[in-house]
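A short reminder: the numbers here are calculations on the coordinates, not readings from a lab. From a predicted model like this one, the values you see are computed outputs, not experimental measurements. With ideal geometry, Cβ positions are generated from the backbone for all residues, glycine too; neighbour counts draw on all protein chains shown.
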Amino acid sequence: MISITFGYYCYQISSKQIVNKVSLTNLGVVNEIRNNMTSMQRNISDWITVFSLAPEIQESLVTKNRVSKRLQTSLYLGQTASIMNQMLFSKNFDYLALYGAEDYPIFQEATDGSNGSGSLKQIQLTEIYQYALKKNGASYWFSLNDSSTLFIQNNRNEKIGMTRIVRDIHNGNHIGFVFTGINLKTIKEQYLRNLYDDQHGILILDEKGSTLLQAGMEAISMNSSSLSISNLLHTYESGDAITKVHGKNMLVTYSAINENGWRVVYLVPLSLLTKELSSIKTFVFIMIVACLLLSLPFMMVLTRIITSPIKNLVYSMERFQNGHFDERVDIKYRDEIGHLSRGYNKMVKNIKKLVDEVYVLELKEKEAELKALQSQINPHFLYNTLDMIFWEAESAGQSQISEMIIHLSRLFRLNLNKGKSMTNLARESEMLELYLSLQKMRFKDSLTYQINISSELNPYVIMKLILQPFIENALVHGIEQKRGGGTISVSGELIGSRMLFQIKDSGVGMSEETIQQLLMEQPASNINTDNDTSGYAIHNIIARLKYYYNDNYQLRFISSMGQGTTVELNLPAIRESKEGI
């Protein structure tokens, strides 16, 4: 950035110095052009003065001589012969027309083939003629670029025209009108030779600021209004300025107004002056870009060295967030990053200590509490007692009782699940079938049920005693409360990476208030000690779900009074191998 700024500063200073030096040179060229134009005006004005004062001209205008051929002969043979020869051979101008009292000129001469002088009556109606009258015998110059004008009906070349009123040498009365024109080509060859080219432009402006002549840079149409320095052009001093012409920056140098009101404007494209500097600027820019590209690998290595400790610290933080509480960062440097890493290691150590002392202890207490809830019956005592009752029922010939005892025994074995908290869906489905078959024996025809748990779920596991309490709740609070019994259906399906279970009953339903009470989080102590045990099983399930699945589960009750109840439970699908069951 410093190199670019320094290079730009040097470029601007060098450009300014070049422009200043060129401006001085251009001012000299402008003054030379101005002097040449002034000399041309004086030569033509002096010739017209001598021509107008010639006795033959004065006599022809005063006596209203109608014989133009006789005047032409006397001009070339008499005392004015030298004057006329000067006009023909010096090529000071290319067209001359002298008007007297007649409507058409009494004398006309052209060296470029132009012909057809205009009518004096029409000329007198023009603004040019009015300016000539105001000059009262002095010259008035104007542009004559059209191929057909009032002054020359067949104009072969672009010209600068000059008009004057001819006055009587005896009394000063207006006795005639003279018009002369000089070709722009003549001016360029005699007065502007070697002063312009395709890359330099010249404008000659009249006293009103209108363009009389344009030379060089002819591909660009230029005029005073496009130079954006019209206020400067009306001063009586020389100067220069940088302005835009057709979107290009130009160095414009202008001369002071000469005695006839003409001003010379010289134009040079700024890009031409700074062309060599531009190549230097391009070279410097390329060198800077090359240095940047070459230094890029070094910068990347340096950046990697600097940021590597920060990345290691970030990776360590991410692992710590994922539960790796033994995470530590190696400290290699004694800089700010090293100081930050030491603080991070100390923080991790303190958090690990808090986790060990508080969080893990609390989890173990909750796990012990949950296991106590699931182990309220001594399994050995239970199995021995059921076995004794079974044989007594067999001896008494009570086959239905024997079947119920067999189902109940199998139900308890599946429920205890060898002390494990997780069971697969195959055993859970069997347990639900046994439980509902026992309830069917109890309710007889008042209960019908269906279990449709997809076999796709068999290799997946859930916490045991998660679905059965919802079925029990449907029987106790739904079917038993409804006359005529009802229906319970249990379904389960695998949807992507999740399991969706539905327990539907056709019981009496629940109000929204009851549903909210069931879902309301209870203090841990209330789950075991609250006198109101109507929602104990549901609260127990919710506590177990939060403990094991955190927030990765959804439990929803859909019910209304008299319309039955639907319980939806959405759990993540966990395969049996991951739990080691």
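Quick check: residue separation of Gln124 and Asn552 times 0.36 nm, minus the Cα distance between them. What number comes out in nm?
My answer for the length gained is 143.6 nm.
For Ala426 and Lys332, what is the calculated FRET efficiency with R₀ set at 60 Å and r taken between the beta-carbons, to the nearest 0.05?
Computed FRET efficiency for Ala426 and Lys332 comes out at 0.65.
If you stretched the chain out fully between Asn322 and Asn145, how much longer would it get, using 0.36 nm times the residue separation minus the C-alpha to C-alpha distance? Present the calculation step by step, with values, prior to reporting the outcome.
Working: separation 177, 0.36 × 177 = 63.72 nm, distance 9.03 nm.
The span from Asn322 to Asn145 would gain 54.7 nm if fully extended.
Under a 5 Å amide H to amide H cut-off, with H placed in plane at 1.01 Å, what residues pair with Tyr140 once short-range neighbours are removed?
When sequence neighbours closer than 5 places are left aside, the close amide H contacts are Thr163.
Applying a 10 Å radius around every beta-carbon, put 337-349, 468-480 in order of their mean neighbour count, most first.
468-480, 337-349
To the nearest 0.05, how large is the calculated FRET efficiency for Val50 and Gln190 if R₀ is 22 Å and r is the Cβ-Cβ distance?
0.65
Please work out the FRET efficiency for the pair Glu512 and Ser455, using the Cβ-Cβ distance as r and a Förster radius of 30 Å; give the result to the nearest 0.05.
Calculated transfer efficiency: 0.25.
Quick one: net charge around Arg328, please, counting Lys, Arg +1 and Asp, Glu -1 for every other residue with C-beta under 12 Å from its C-beta.
+2
Please sort 238-246, 52-60 by packing, taking for each peptide the average over its residues of neighbouring beta carbons within 10 angstrom, highest first.
Top to bottom by mean Cβ count within 10 Å: 52-60, 238-246.
Given labels modelled 7 Å from the Cα in the Cβ direction, how far is it in nm from Asp197 to Thr487?
Between Asp197 and Thr487, the label points sit 10.6 nm apart.
In nm, what is the difference between 0.36 nm times the number of residues separating Asn173 and Thr63 and their Cα-Cα distance?
Answer, rounded to one decimal: 38.2 nm.
For segment 128-223, what does the alpha-carbon gyration tensor say about shape, rounded, prolate or oblate, given a ≥ b ≥ c as the root eigenvalues, a/c under 1.5 as rounded, and a/b over b/c as prolate?
prolate
Per residue of segment 312-326, what does 6.51 cos²θ - 1.76 cosθ + 1.60 with θ = phi - 60° give for ³J(HN,Hα)? Whole Hz please, x for Gly and Pro, Karplus curve as stated.
In residue order, the calculated couplings are 4, 5, 5, 4, 5, 5, 5, 5, 5, 5, 7, x, 8, 6, 8 Hz.
Quick one: Karplus J couplings for segment 202-209, per residue in order, coefficients 6.51, -1.76, 1.60, θ = phi - 60°, nearest Hz, x for Gly and Pro?
Running phi through 6.51 cos²θ - 1.76 cosθ + 1.60 with θ = phi - 60° gives 10, 10, 10, 10, 7, 5, 9, x Hz.
Quick one: which residues, 5 or more positions from Ile488 or on another chain, have an amide H under 5 Å from its amide H? H modelled 1.01 Å from N in the peptide plane, none for Pro or chain starts.
Correct list: Thr448, Tyr449, Gln450.
Ordered by packing density, taken as the mean number of other Cβ atoms within 10 Å over each peptide's residues, highest first, how do 496-504, 159-167, 420-428 rank?
159-167, 420-428, 496-504
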